[in-house]
Amino acid sequence: MNERSTTIPQRLFDIVNVVVLLLFGIIMAYPFLNLLALSLNDGADAARGGIYIFPREFSLDAYKLLLQNDKLLEGFGWSVLRVAVGTVTCLFVTGLLAYIVSIRHFSGRKFMRVLFLVTMYFNGGLIPIYLLMVNLKLTDSFNVYWIPTLISAYYMLLMSSYISELPDALFESARIDGASEMKIYLSLVIPMSLPVFAAVSIYSAVGHWNAWFDVVLYNSSGHFDTLQVYLRRLLLEVEASQQIMDQQLLFQKFKSMTPLTLRAATTIFVTVPILLVYPFLQKYFIGGLTIGSVKG
(Lines give C-alpha, C1' and ligand atoms only; values in the text may rest on other atoms or scores of the structure.)
Protein backbone atom coordinates (compact mmCIF):
# COMPACT_ATOMS: atom_id res chain seq x y z
CA MET A 1 0.00 0.00 0.00
CA ASN A 2 2.83 2.32 0.82
CA GLU A 3 4.54 1.52 -2.44
CA ARG A 4 1.40 2.38 -4.42
CA SER A 5 0.89 5.59 -2.45
CA THR A 6 4.45 6.68 -3.28
CA THR A 7 4.53 5.59 -6.92
CA ILE A 8 1.19 7.09 -7.98
CA PRO A 9 2.15 10.68 -6.98
CA GLN A 10 5.51 10.19 -8.66
CA ARG A 11 3.85 9.05 -11.89
CA LEU A 12 1.42 11.95 -11.77
CA PHE A 13 4.29 14.34 -11.28
CA ASP A 14 6.16 12.82 -14.22
CA ILE A 15 3.09 13.09 -16.45
CA VAL A 16 2.42 16.70 -15.46
CA ASN A 17 6.11 17.52 -15.87
CA VAL A 18 6.20 16.05 -19.40
CA VAL A 19 2.99 17.82 -20.43
CA VAL A 20 4.21 21.18 -19.11
CA LEU A 21 7.57 20.82 -20.85
CA LEU A 22 5.88 19.83 -24.13
CA LEU A 23 3.57 22.85 -23.96
CA PHE A 24 6.51 25.09 -23.15
CA GLY A 25 8.45 23.65 -26.10
CA ILE A 26 5.52 24.23 -28.45
CA ILE A 27 5.15 27.82 -27.26
CA MET A 28 8.85 28.45 -27.87
CA ALA A 29 8.96 26.72 -31.28
CA TYR A 30 5.74 28.11 -32.78
CA PRO A 31 6.96 31.67 -33.60
CA PHE A 32 10.00 30.26 -35.40
CA LEU A 33 7.93 27.73 -37.36
CA ASN A 34 5.43 30.44 -38.25
CA LEU A 35 8.18 32.66 -39.63
CA LEU A 36 9.57 29.73 -41.58
CA ALA A 37 6.16 29.06 -43.11
CA LEU A 38 5.71 32.73 -44.03
CA SER A 39 9.15 32.89 -45.63
CA LEU A 40 8.32 29.87 -47.82
CA ASN A 41 4.89 31.13 -48.82
CA ASP A 42 3.72 33.25 -51.72
CA GLY A 43 3.75 36.90 -50.69
CA ALA A 44 0.30 37.86 -51.95
CA ASP A 45 -1.21 34.78 -50.35
CA ALA A 46 0.63 35.43 -47.06
CA ALA A 47 -0.89 38.91 -46.89
CA ARG A 48 -4.34 37.31 -46.50
CA GLY A 49 -3.21 35.74 -43.20
CA GLY A 50 -4.19 32.37 -41.84
CA ILE A 51 -0.70 30.82 -42.18
CA TYR A 52 0.48 29.04 -39.05
CA ILE A 53 3.04 26.21 -39.34
CA PHE A 54 2.91 25.11 -42.97
CA PRO A 55 3.06 27.32 -46.11
CA ARG A 56 -0.15 27.46 -48.14
CA GLU A 57 1.39 28.37 -51.52
CA PHE A 58 5.05 27.40 -51.67
CA SER A 59 7.49 30.02 -53.02
CA LEU A 60 11.26 30.60 -52.72
CA ASP A 61 11.27 34.14 -54.13
CA ALA A 62 12.18 35.71 -50.78
CA TYR A 63 15.28 33.52 -50.45
CA LYS A 64 16.18 34.01 -54.12
CA LEU A 65 16.18 37.77 -53.57
CA LEU A 66 18.43 37.38 -50.54
CA LEU A 67 20.94 35.13 -52.28
CA GLN A 68 21.17 37.12 -55.52
CA ASN A 69 23.06 39.90 -53.74
CA ASP A 70 26.81 39.42 -54.17
CA LYS A 71 27.53 41.48 -51.06
CA LEU A 72 25.48 39.07 -48.96
CA LEU A 73 28.14 36.35 -48.93
CA GLU A 74 30.79 38.93 -48.11
CA GLY A 75 28.71 40.15 -45.18
CA PHE A 76 28.14 36.57 -44.08
CA GLY A 77 31.90 36.00 -44.07
CA TRP A 78 32.53 39.10 -41.94
CA SER A 79 29.79 38.00 -39.52
CA VAL A 80 31.27 34.52 -39.13
CA LEU A 81 34.77 35.95 -38.71
CA ARG A 82 33.52 38.43 -36.14
CA VAL A 83 31.79 35.70 -34.15
CA ALA A 84 34.87 33.44 -34.25
CA VAL A 85 37.48 36.07 -33.39
CA GLY A 86 35.31 38.00 -30.95
CA THR A 87 34.15 34.94 -29.04
CA VAL A 88 37.58 33.28 -28.77
CA THR A 89 39.39 36.45 -27.69
CA CYS A 90 36.64 37.39 -25.22
CA LEU A 91 36.71 33.93 -23.65
CA PHE A 92 40.49 33.89 -23.33
CA VAL A 93 40.98 37.42 -21.96
CA THR A 94 37.86 37.54 -19.78
CA GLY A 95 38.57 34.03 -18.49
CA LEU A 96 42.12 35.06 -17.61
CA LEU A 97 40.81 38.09 -15.73
CA ALA A 98 38.27 35.87 -13.94
CA TYR A 99 41.08 33.55 -12.86
CA ILE A 100 43.18 36.48 -11.61
CA VAL A 101 40.39 37.85 -9.40
CA SER A 102 39.78 34.31 -8.12
CA ILE A 103 43.33 33.73 -6.82
CA ARG A 104 42.97 33.68 -3.06
CA HIS A 105 46.45 34.98 -2.25
CA PHE A 106 46.14 37.92 -4.68
CA SER A 107 45.62 40.96 -2.46
CA GLY A 108 44.10 43.17 -5.15
CA ARG A 109 41.37 40.82 -6.34
CA LYS A 110 38.57 42.46 -4.34
CA PHE A 111 39.52 45.90 -5.63
CA MET A 112 39.57 44.63 -9.20
CA ARG A 113 36.14 43.05 -8.78
CA VAL A 114 34.68 46.33 -7.54
CA LEU A 115 36.48 48.28 -10.27
CA PHE A 116 35.00 46.17 -13.07
CA LEU A 117 31.62 46.00 -11.33
CA VAL A 118 31.37 49.80 -11.51
CA THR A 119 31.74 49.65 -15.31
CA MET A 120 28.52 47.62 -15.52
CA TYR A 121 26.48 50.55 -14.21
CA PHE A 122 28.41 53.62 -15.40
CA ASN A 123 29.92 54.47 -18.78
CA GLY A 124 31.03 57.56 -20.62
CA GLY A 125 28.18 57.55 -23.12
CA LEU A 126 27.99 57.16 -26.86
CA ILE A 127 29.94 60.25 -27.91
CA PRO A 128 32.98 59.70 -25.63
CA ILE A 129 33.13 56.04 -26.68
CA TYR A 130 32.99 57.02 -30.34
CA LEU A 131 35.76 59.59 -29.85
CA LEU A 132 37.81 56.94 -28.07
CA MET A 133 37.44 54.56 -31.03
CA VAL A 134 38.50 57.34 -33.37
CA ASN A 135 41.57 58.22 -31.29
CA LEU A 136 42.53 54.54 -31.09
CA LYS A 137 42.18 54.37 -34.90
CA LEU A 138 39.74 51.47 -34.68
CA THR A 139 37.09 52.96 -36.95
CA ASP A 140 36.73 51.58 -40.47
CA SER A 141 38.56 48.42 -39.47
CA PHE A 142 37.69 44.89 -38.43
CA ASN A 143 39.43 45.43 -35.07
CA VAL A 144 36.57 47.58 -33.81
CA TYR A 145 34.43 44.44 -33.64
CA TRP A 146 36.53 42.42 -31.19
CA ILE A 147 38.96 44.70 -29.31
CA PRO A 148 36.24 46.62 -27.38
CA THR A 149 34.67 43.29 -26.34
CA LEU A 150 37.84 41.65 -25.02
CA ILE A 151 36.70 42.11 -21.42
CA SER A 152 33.14 41.86 -20.15
CA ALA A 153 32.51 42.56 -16.48
CA TYR A 154 29.36 40.46 -16.45
CA TYR A 155 31.07 37.46 -18.05
CA MET A 156 34.00 37.92 -15.67
CA LEU A 157 31.71 37.67 -12.65
CA LEU A 158 30.07 34.52 -14.01
CA MET A 159 33.39 32.84 -14.76
CA SER A 160 35.11 33.92 -11.55
CA SER A 161 32.27 32.56 -9.40
CA TYR A 162 32.71 29.17 -11.10
CA ILE A 163 36.51 29.22 -10.93
CA SER A 164 36.38 30.12 -7.25
CA GLU A 165 34.69 26.79 -6.56
CA LEU A 166 37.53 24.79 -8.12
CA PRO A 167 39.83 22.95 -5.65
CA ASP A 168 42.60 25.31 -4.64
CA ALA A 169 44.80 22.31 -3.82
CA LEU A 170 45.24 21.66 -7.54
CA PHE A 171 46.58 25.14 -8.16
CA GLU A 172 48.87 25.00 -5.13
CA SER A 173 50.27 21.66 -6.31
CA ALA A 174 50.93 23.13 -9.74
CA ARG A 175 52.71 26.14 -8.23
CA ILE A 176 54.87 23.86 -6.08
CA ASP A 177 55.82 21.97 -9.25
CA GLY A 178 56.96 25.26 -10.80
CA ALA A 179 54.02 26.01 -13.09
CA SER A 180 53.41 29.65 -13.91
CA GLU A 181 50.00 31.27 -13.53
CA MET A 182 49.53 31.26 -17.30
CA LYS A 183 50.38 27.57 -17.40
CA ILE A 184 47.85 26.91 -14.64
CA TYR A 185 45.23 28.89 -16.52
CA LEU A 186 45.81 27.03 -19.78
CA SER A 187 46.30 23.53 -18.36
CA LEU A 188 43.95 23.46 -15.38
CA VAL A 189 41.47 26.32 -15.29
CA ILE A 190 40.22 26.14 -18.89
CA PRO A 191 39.78 22.31 -19.04
CA MET A 192 38.05 22.25 -15.65
CA SER A 193 35.80 25.23 -16.45
CA LEU A 194 34.39 24.05 -19.78
CA PRO A 195 30.72 24.38 -18.68
CA VAL A 196 30.98 28.07 -17.83
CA PHE A 197 33.23 28.72 -20.83
CA ALA A 198 30.65 27.08 -23.09
CA ALA A 199 27.82 29.12 -21.59
CA VAL A 200 29.71 32.38 -21.97
CA SER A 201 30.74 31.45 -25.51
CA ILE A 202 27.08 31.16 -26.50
CA TYR A 203 26.24 34.52 -24.94
CA SER A 204 29.20 36.17 -26.65
CA ALA A 205 28.60 34.51 -30.03
CA VAL A 206 24.92 35.50 -30.10
CA GLY A 207 25.84 39.05 -29.14
CA HIS A 208 28.41 39.33 -31.93
CA TRP A 209 26.11 37.69 -34.47
CA ASN A 210 23.15 39.98 -33.79
CA ALA A 211 25.19 43.19 -33.50
CA TRP A 212 24.58 45.79 -36.17
CA PHE A 213 24.56 49.24 -34.54
CA ASP A 214 28.32 49.35 -33.98
CA VAL A 215 28.80 48.30 -37.62
CA VAL A 216 26.81 51.30 -38.82
CA LEU A 217 28.43 53.60 -36.27
CA TYR A 218 32.11 52.72 -36.66
CA ASN A 219 32.34 51.50 -40.27
CA SER A 220 31.08 54.40 -42.33
CA SER A 221 33.02 53.20 -45.40
CA GLY A 222 30.98 49.99 -45.56
CA HIS A 223 34.01 47.79 -46.22
CA PHE A 224 33.37 45.64 -43.17
CA ASP A 225 29.57 45.52 -43.18
CA THR A 226 28.24 42.32 -41.65
CA LEU A 227 25.33 40.16 -42.74
CA GLN A 228 22.85 41.86 -40.41
CA VAL A 229 23.58 45.28 -41.91
CA TYR A 230 23.15 44.03 -45.48
CA LEU A 231 19.87 42.30 -44.66
CA ARG A 232 18.57 45.34 -42.80
CA ARG A 233 19.49 47.58 -45.73
CA LEU A 234 17.89 45.18 -48.23
CA LEU A 235 14.69 45.00 -46.21
CA LEU A 236 14.43 48.78 -46.00
CA GLU A 237 15.05 49.10 -49.74
CA VAL A 238 12.37 46.55 -50.57
CA GLU A 239 9.82 48.23 -48.32
CA ALA A 240 10.65 51.62 -49.84
CA SER A 241 10.46 50.31 -53.40
CA GLN A 242 6.99 48.92 -52.77
CA GLN A 243 5.78 52.34 -51.69
CA ILE A 244 7.18 54.06 -54.79
CA MET A 245 5.03 53.09 -57.77
CA ASP A 246 7.62 53.93 -60.44
CA GLN A 247 10.11 51.37 -59.09
CA GLN A 248 8.51 48.13 -60.25
CA LEU A 249 11.52 46.21 -61.61
CA LEU A 250 12.17 44.30 -58.41
CA PHE A 251 8.60 43.13 -57.99
CA GLN A 252 8.23 42.26 -61.66
CA LYS A 253 11.06 39.79 -61.19
CA PHE A 254 9.81 38.49 -57.83
CA LYS A 255 6.05 38.85 -58.16
CA SER A 256 5.23 36.41 -55.36
CA MET A 257 7.44 38.20 -52.82
CA THR A 258 6.32 40.92 -50.40
CA PRO A 259 8.04 42.70 -47.50
CA LEU A 260 6.15 40.35 -45.15
CA THR A 261 7.70 37.21 -46.62
CA LEU A 262 11.08 38.92 -47.07
CA ARG A 263 11.08 39.96 -43.41
CA ALA A 264 10.34 36.39 -42.41
CA ALA A 265 13.06 35.03 -44.71
CA THR A 266 15.53 37.57 -43.32
CA THR A 267 14.79 36.47 -39.76
CA ILE A 268 15.22 32.81 -40.66
CA PHE A 269 18.42 33.55 -42.59
CA VAL A 270 19.94 35.33 -39.58
CA THR A 271 18.66 32.95 -36.89
CA VAL A 272 19.47 29.52 -38.34
CA PRO A 273 23.30 29.78 -38.42
CA ILE A 274 23.64 30.78 -34.77
CA LEU A 275 20.92 28.29 -33.81
CA LEU A 276 23.02 25.45 -35.19
CA VAL A 277 25.75 26.23 -32.65
CA TYR A 278 23.68 25.22 -29.63
CA PRO A 279 23.64 21.41 -30.16
CA PHE A 280 27.45 21.30 -30.27
CA LEU A 281 27.85 23.16 -26.98
CA GLN A 282 24.93 21.67 -25.09
CA LYS A 283 26.94 18.69 -23.85
CA TYR A 284 29.26 21.02 -21.93
CA PHE A 285 26.44 22.35 -19.76
CA ILE A 286 27.14 19.84 -17.05
CA GLY A 287 28.65 20.02 -13.63
CA GLY A 288 30.89 17.87 -11.56
CA LEU A 289 33.96 18.02 -13.74
CA THR A 290 36.11 18.50 -10.65
CA ILE A 291 34.73 15.49 -8.76
CA GLY A 292 37.59 13.18 -8.02
CA SER A 293 40.23 15.60 -9.26
CA VAL A 294 41.67 15.90 -5.74
CA LYS A 295 42.44 12.57 -4.20
CA GLY A 296 41.56 12.18 -0.57
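The values are calculated or read from the model by the stated rules, or taken from the named source; none is laboratory data. None of the values given here were measured: they were computed from a predicted structure. Quick reminder, even Gly has a Cβ in these numbers, built from the backbone with ideal geometry, and neighbours come from all protein chains shown. To get the accessible areas, we keep the full protein, side chains included, count just its heavy atoms, and leave off ligands, DNA and RNA. Shrake-Rupley method; radii C 1.70, N 1.55, O 1.52, S 1.80 Å.
What whole-number distance in Å separates the alpha-carbon centres of segment 66-142 and segment 151-228?
Cα centres, segment 66-142 to segment 151-228: 10 Å.
At 7 Å along Cα-to-Cβ for each site, give me the label-to-label distance between L276 and L33 in nm.
2.2 nm
How large, in percent, is the carbon and sulfur part of the accessible surface of segment 1-113 at a probe radius of 1.4 Å?
Summing carbon and sulfur atoms, their accessible area is 72 percent of the total for segment 1-113.
How much length would be gained if the chain were fully extended between S161 and V134, taking 0.36 nm per residue of separation minus their Cα-Cα distance, in nm to one decimal?
6.2 nm is the gain from fully extending S161 to V134.
Run the numbers for V206 and I103: contour at 0.36 nm per residue of separation, minus the present Cα-Cα distance, in nm.
34.1 nm
Please calculate how many Å² of accessible area segment 100-187 carries per residue, with a 1.4 Å probe and no DNA, RNA or ligand atoms counted.
Here the residues of segment 100-187 average 63 Å² of exposed surface.
I'd like the accessible area for T139: 1.4 Å probe, protein heavy atoms, all chains in place, Å² to the nearest 10.
Taking all protein chains as shown, T139 has close to 40 Å².
Based on the Cβ-Cβ distance from R11 to Y154, what FRET efficiency comes out when R0 is 41 Å, to the nearest 0.05?
0.45
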